[in-house]
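Structure record follows, encoded as structure tokens.
The values are calculated or read from the model by the stated rules, or taken from the named source; none is laboratory data. The structure displayed is predicted, hence computed values, not measured ones. Don't worry about glycine lacking a Cβ; one is built from the backbone with ideal geometry, like all the others, and counts go over all protein chains shown.
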Amino acid sequence: MYVEKSKVESVQKISDNIFLIKVLSPSIASLAKPGQFCNIKVSENSFPLLRRPFSICDVEDDYLFFLFDIHGEGTKLISEKKPGESLELLGPLGNGFDYKDGYDTAVIVAGGLGVAPFPFLLKNLPTNKKVISLLGGRSNKNIVMQGLKNVLIATDDGSEGFHGTVVDLLKREIKNISQNKFRIFACGPNPMLKALQNYCVENNYDCQISVECAMACGFGICQGCPIDPTNGGTYLLVCKDGPVFEAKSVKL
Amino acid sequence: MVDLSINIAGLRLKNPVLLASGTVGYGNEIAEFTDLNKLGGIVTKSLSLKPRKGNPPPRITETPSGMLNAIGLANVGVESFLNDKIPFLKKLNTTLICNIAASSIEEYVECTRILTLEESIHAFEINVSCPNVNEGGLEFGNDLNAVGRITDRVKNATNKTIFIKLSPNVSRISDFAKVVKENGGDGVSAINTLVGTAFDIYSRKPKIKNITGGLSGPAIKPIALAKVLEIKRNVDIPIIGIGGIMDWKDAAEMMIVGASAFQIGTVNFINPNAGVEIVEGLKTYCEQNSIQNISELTGSYQI
């Protein structure tokens, strides 16, 4: 883990409200694993005060990529960064996906910007794995296909692909998918993860979820991001024990 | 050569920089980012006799120049602390202060008695001011008699230095410092967090599950400075200043209004190396201002 002053290379507008930022951060890039995140200080003063956690979207040589939408002052400030300006990154943080073996087909299930950690995961999957990507969003404006392959789309308003939720799309496709030994890798808003978790636990499907939570430090000292384990023990921390969990292991 | 070491209530610290309780756990996580051996000391996360799970999420939210937290004293308990956390902490070359939070006077005494046997613990900070738990916490921190009784009982259970961590959520904090002194306490830590809240205007729900939380960060620095000054001007007792310190300038200001040492808290979440940077910043400040011993700063205000 490092605190690294990183130089902004580019900020690419992907759609109305969605951006992809590329930053030079060699130390963190050399350690990063799929599913990990960075906690980013977006300004040099105390507005905003706290860092903001972002999934590592992709890594290319010494560069890191983060995918984000503007939903507050912090993300707005990042979207306005110019090439050459700096951002202070703390990372890589948390535990990533367990993707090396134990399955044949990787099933990506992403809701909206939940697609963020998957380009880097797909890049690192062993070459013998098949991939199917299921993406959901409120409408086709919320769908980002960034770096994914073999994509099926679900939209709540039916503006593109399957008319319904991404979990319903998974249910429709499960017959095909389950012909191989599969593992689901999922990320998205909590209601989506909850629906997916119920479905996977009911059917005993192998599923890993990346969970989002407000946090201050990102590495375990503030205790701000607790999550209840299903085994009834003491709270786990999303930052340190996650953000990726076995779907059956935590209460959402 | 500047002497950064200080004596506070019989305790010698290599410098006045302490990491505040509840902002560095038990030291191991932050050690990935900073050299704890360079700091004056660490105040560990509040301990209770038995483990506490803490409050359900959401526990924190950001506010203008600050944050609210309601962690609820989540901690591993005294036994696990001694077995699992002390081995790491005792290897550090820094002063170890254990913070204790309890829900009864007997529990404060029992925790102190057990932890006193551990040689590597140099002092205790008794938390009578946590705003986020139902029992203990502010119930004690708002009551002069209770603070006096706790100070007296805890002091009698140990030969180590006792600091009482005071609440700013009272009308006159110096009255509490006076009671601590009268009952044999060695010093006070001031201030704990201020009770605050934040609501989402669309859902109209509180942003943290506990509804209220403790406000910390730069937003509370002026209040912390005023409280420390109030104690300094009214009671002759060593003060550890706490509240909104982000850098060496804030730290110097805290010492000038009366603190012998100080703790940094919220800044650790943002810059885990802040403590070491503050030590270096203060050293330069002393050199440039012909201050030979940093303790000259304490209470050096010109009013």
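Things to note:
- Hey, B:Val170 modelled with pLDDT of 95 or more and closer than 16 Å to B:Phe140 by Cα or not: no
- Scanning the range B:30-54 for residues that are out of contact with any strand residue (DSSP E or B) (no Cβ under 8 Å at 6 or more places or on another chain) and not small (Gly, Ala, Ser), we see that the one that is surrounded by the most Cβ atoms within 10 Å (Cβ to Cβ) is B:Thr34.
- Residue match in the range A:67-79 (condition: more than 14 Å from every other protein chain (Cβ to nearest Cβ), crowded, with 20+ Cβ neighbours inside 10 Å and more than 21 Å from A:Leu121 (Cβ to Cβ)): yes
- Of the residues A:Gly74, A:Gly158, A:Gly84, the single one that is under 22 Å from A:Phe54 (Cα atoms), in a loop (DSSP other than H, G, I, E, B) and either assigned by TED's automatic domain parsing to the domain that holds A:Leu49 or at pLDDT below 95 (or both) is A:Gly84.
- Residue within the range A:13-22 that is basic (Lys, Arg) and out of contact with any helix residue (DSSP H, G or I) (no Cβ under 6 Å at 6 or more places or on another chain) present: yes
- Scanning the range A:161-178 for residues that are free of Cβ contacts under 8 Å to residues at least 60 places away in the same chain and either touching a helix residue (DSSP H, G or I) at 6+ places or on another chain (Cβ under 6 Å) or part of a helix (DSSP H, G or I) (or both) turns up A:Phe162, A:Val166, A:Val167, A:Asp168, A:Leu169, A:Lys171, A:Arg172, A:Glu173, A:Ile174, A:Lys175, A:Asn176.
- When A:Ser55, A:Ser10, A:Ser43, A:Ser27 are checked against the criterion of being closer than 29 Å to A:Gln208 by Cβ, surrounded by fewer than 20 Cβ atoms within 10 Å (Cβ to Cβ), touching a residue at least 12 places away in the same chain (Cβ under 8 Å) and outside the structural domain of A:Phe245 (by TED's automatic domain parsing), a single residue qualifies: A:Ser27.
- Here B:Leu96 meets each of (1) free of Cβ contacts under 8 Å to residues at least 60 places away in the same chain; (2) within 13 Å of the chain's Cα centre (by Cα); (3) buried (at least 22 other Cβ atoms within 10 Å of the Cβ) with one exception, condition (3).
- Every condition in (1) free of Cβ contacts under 8 Å to residues at least 60 places away in the same chain; (2) assigned to a loop (DSSP other than H, G, I, E, B) is met by B:Pro56 except one, and the failing one is (1).
- Within the range A:70-109, the residues that satisfy the criterion of being of a type in the set (Ser, Thr, Tyr) and under 30 Å from B:Glu29 (Cα atoms) are A:Thr75, A:Ser86, A:Tyr99.
- Enumeration of residues in the range B:12-31 that are assigned to a strand (DSSP E or B) and more than 29 Å from B:Gly72 (Cβ to Cβ): B:Arg12, B:Leu13
- Checking each residue in the range A:200-252 for being among the acidic types (Asp, Glu) and either more than 29 Å from B:Gly214 (Cβ to Cβ) or part of a strand (DSSP E or B) (or both) picks out A:Glu202, A:Asp206, A:Glu246.
- Those residues of the range B:208-225 which are away from chain A (no Cβ under 14 Å), touching a helix residue (DSSP H, G or I) at 6+ places or on another chain (Cβ under 9 Å) and either surrounded by fewer than 21 Cβ atoms within 10 Å (Cβ to Cβ) or small (Gly, Ala, Ser) (or both), in sequence order: B:Ala224
Condition check ((1) in a strand (DSSP E or B); (2) within 28 Å of A:Gly218 (Cβ to Cβ); (3) away from chain A (no Cβ under 14 Å); (4) free of Cβ contacts under 8 Å to residues at least 60 places away in the same chain) across all residues:
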residue: B:Phe269; (1), (2), (3), (4): no, yes, no, no
residue: B:Leu282; (1), (2), (3), (4): no, yes, yes, no
residue: B:Tyr285; (1), (2), (3), (4): no, no, yes, yes
residue: B:Gln302; (1), (2), (3), (4): no, no, yes, yes
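- Matching residues, the range B:32-53, being within 12 Å of chain A (Cβ to nearest Cβ), touching a residue at least 40 places away in the same chain (Cβ under 8 Å) and assigned to a strand (DSSP E or B): B:Ile42, B:Thr44, B:Lys45, B:Ser46
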